[in-house]
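Chemist: Take a look at this one; I'll ask things after.
The values are calculated or read from the model by the stated rules, or taken from the named source; none is laboratory data. Fair warning: this is a prediction, and the values are worked out from it, not measured in the lab. Glycine also receives a Cβ, built like all others from the backbone with ideal geometry; neighbour counts cover every protein chain displayed.
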Amino acid sequence: MQENTTNEREGAPQLTVSQAIANLKQTEDQGDRYYAAWWIGRFQVRDPEAVNALLVALKDEQNRDTDGGFPLRRNAARALGKVGDEAVIPALLDCLDCSDYYVREAAAQSLQALHAKAAAGPLTKLLAGGVAAAVPVPGKPHLTQPYNAILEALGELGDETNNDELTSIIQPFLQHEVPQVKNGAARAMYQLTGKGQYADILIETLSCDDLQLRRSALLDLGEVGYLPAAEAVANTLAENSIKLISLKGLLEKHLADKVGAKTTQNSTALVSGETHTVETRKVMSLMDSLL
Amino acid sequence: MSNTDTLLQSKLQDVEAADSAQSMLDAVEDLAAIKHEGAIDMLIRVLGYNNPGAAVAAVDGLIQIGTPAASALLSQIDGYNYGARAWALRVLAGIGDPRGRDLILETAAEDFSLSVRRAAARGLGKIQWEKLSEQERQAGQIKARETLLHVASEDVEWVVRYAAVVGLEGLAKAMVIDNKRDLAAPILGGLQDRIDQDEVPTVQARAQWALEKMNATAERVCCS
């Protein structure tokens, strides 16, 4: 029901799961195939046949753009992150070596979505050469690697075994002149170290002149759940819808941490019988004011 | 002309003269800041321009002006296109003018845009019920309660369900102040249902806070 509504609202052609899989498996119509790969990801079709067809599409040679890129592979890599089957991790790791920047970017994002611990090493390899190698590709609108996606993924893939190594590799990117890269590094450093000084870089971004950067800093703060940012988030010049999503992230991270500290079995927002704290009431008051 | 009128005229001219999105936004913010009834027509006109920043400023200004702005909107809203109507409904929801209650109810339940449903659901919690006769008030509150209970459990967007929870809290408060505790009873059940059933922790958390506040109010009322 919900899927149909969304589908209609986006004006997308109606597909059934079997049609989408059939469209993805055929090679006559490139447009249908490309769309089917997106559709299977969008509706998170957890079907072995769909996943296999996506894995085939990930190695496609036919669908090329004028730059030599692989549009179908990009969609397939994105979809594999959304479908959520861990068995596809090795295939996504192979994509990190693809000549197409956007395939590498999609693979990094999907590996992050799948919490693929095995990706930490291969992703750090893409950071070889450090900041000095992170320069624009002549004639292209992007840098040599999808740094933002790589840094973001590494921020979530760290654990006791590799945290020190990751932070020493990521730290220099805090000095990168491209704000998106710098913010990606700040976000990752906060996740790996828990130190507020890194999240504060994202808070500073909330008052910059560029609306796109303000929006992405709002979403970053929500995703890492940095509670002290609440007030600054509410006061940012941006749409209330985005600020509400950000504050929801802050609140839920805080609640999950609290629940995690008390019990690992209870998945509800609050341990039953417990009342809200000053912090959680504060975040909700701010959210109320943005409705 | 008095000083306020001179000020109003100059602010109105600034809006007329604005020649970029940014100068329009600045001029509308300045006009809204004087909270003058003479600004109503111009602020309403701005709702129809394709300038979201300026429209937000105009919405805030109209809400500040309150009842006279609601009167003007209610007399014109039928002729609006979708965009202007959505902004107008945000104003009506923000003012809580009871004459707009049926329109706000319909919007909370049915509007296409989630941000408009969100504002309407929130607005149902702050209708100025005291302006209605007791009979009208009770009928209106029951209708608002049923709509909000439905939206809180059925809307597909978490933020609209969240807004409905906030609306239910405001409505329950109005009922308790009115000494109509029995009318508020189904709201307690609806909030408990969100705590138990909603898939989004933020909605659960907000429902829980609403219940905590209602229990605190109940204790104050019964023990004082």
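Chemist: Out of B:V165, B:V116, B:V159, I need the residue that is within 21 Å of B:Q64 (Cα to Cα) and either at pLDDT 95 or above or within 14 Å of chain A (Cβ to nearest Cβ) (or both). Which one?
Modeler: Result of the check over B:V165, B:V116, B:V159: B:V116.
Residue-wise test of (1) modelled with pLDDT under 95; (2) under 25 Å from A:L127 (Cβ atoms).
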residue	(1), (2)
A:L54	no, no
A:L72	no, no
A:N75	no, no
A:E86	yes, yes
A:A91	no, yes
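Chemist: So is B:D14 over 30 Å from B:G170 (Cα atoms) and part of a helix (DSSP H, G or I) or not?
Modeler: Considered against the rule, which asks whether it is over 30 Å from B:G170 (Cα atoms) and part of a helix (DSSP H, G or I), B:D14 comes out as yes.
Chemist: If I go through the range A:173-192 residue by residue, how many of them are in contact with a helix residue (DSSP H, G or I) (Cβ under 7 Å, 6 or more places away or on another chain) and outside any helix (DSSP H, G or I)?
Modeler: The number of residues fulfilling the criteria is 1.
Chemist: Next up: Kindly establish whether A:Y190 is at negative phi and in contact with a Lys or Arg (Cβ under 9 Å, 6 or more places away or on another chain).
Modeler: Answer is no for this residue.
Chemist: Can you tell me which condition A:T66 does not meet? The list is (1) within 22 Å of the chain's Cα centre (by Cα); (2) over 16 Å from A:C95 (Cα atoms); (3) of a type outside the set (D, E), and all the others hold.
Modeler: Of (1) within 22 Å of the chain's Cα centre (by Cα); (2) over 16 Å from A:C95 (Cα atoms); (3) of a type outside the set (D, E), only one is false for A:T66: (1).
Chemist: Would you point out which residue out of A:S168, A:S207, A:S216 is surrounded by fewer than 22 Cβ atoms within 10 Å (Cβ to Cβ), assigned to a loop (DSSP other than H, G, I, E, B) and of a type in the set (G, A, S)? So that I can check it myself, show each step before the final result.
Modeler: Values: A:S168 fails: assigned to a loop (DSSP other than H, G, I, E, B); A:S216 fails: assigned to a loop (DSSP other than H, G, I, E, B).
Result: A:S207 is the single residue among A:S168, A:S207, A:S216 that is surrounded by fewer than 22 Cβ atoms within 10 Å (Cβ to Cβ), assigned to a loop (DSSP other than H, G, I, E, B) and of a type in the set (G, A, S).
Chemist: Determine which member of the set A:K243, A:K195, A:K248 is exposed (fewer than 13 other Cβ atoms within 10 Å of the Cβ) and in contact with a helix residue (DSSP H, G or I) (Cβ under 8 Å, 6 or more places away or on another chain).
Modeler: That would be A:K195, the only listed residue that is exposed (fewer than 13 other Cβ atoms within 10 Å of the Cβ) and in contact with a helix residue (DSSP H, G or I) (Cβ under 8 Å, 6 or more places away or on another chain).
Chemist: Moving to a separate point now. Quick check on my filter: what residues within the range B:34-60 are free of Cβ contacts under 8 Å to residues at least 24 places away in the same chain and not charged (D, E, K, R)?
Modeler: Looking only at the range B:34-60, we keep the residues that are free of Cβ contacts under 8 Å to residues at least 24 places away in the same chain, and these are B:45, B:52, B:56.
Scanning the range B:34-60 gives B:P52, B:V56.
Chemist: Another question, then. Given (1) at pLDDT 95 or above; (2) more than 11 Å from chain A (Cβ to nearest Cβ); (3) in contact with a Ser or Thr (Cβ under 7 Å, 6 or more places away or on another chain), identify the lone condition not met by B:R145.
Modeler: Unmet for B:R145, out of (1) at pLDDT 95 or above; (2) more than 11 Å from chain A (Cβ to nearest Cβ); (3) in contact with a Ser or Thr (Cβ under 7 Å, 6 or more places away or on another chain): (3).
Chemist: Among the listed residues A:Q197, A:Q180, which satisfies the condition of being of a type in the set (S, T, N, Q), under 28 Å from A:L286 (Cα atoms) and modelled with pLDDT of 95 or more?
Modeler: Matching residue, one of A:Q197, A:Q180: A:Q197.
Chemist: Also, I was wondering about something else. In the range A:134-192, which residues are in contact with a Gly (Cβ under 6 Å, 6 or more places away or on another chain) and acidic (D, E)? Write out each step before concluding.
Modeler: Going through the range A:134-192, the residues in contact with a Gly (Cβ under 6 Å, 6 or more places away or on another chain) turn out to be A:148, A:151-152, A:166, A:172, A:187-188, A:191-192.
Residue satisfying the conditions is A:E152 alone.
Chemist: When the range A:251-283 is examined, which residues are found to be facing chain B (nearest Cβ under 7 Å), buried (at least 22 other Cβ atoms within 10 Å of the Cβ) and at pLDDT 90 or above?
Modeler: A:L251, A:L255, A:T280
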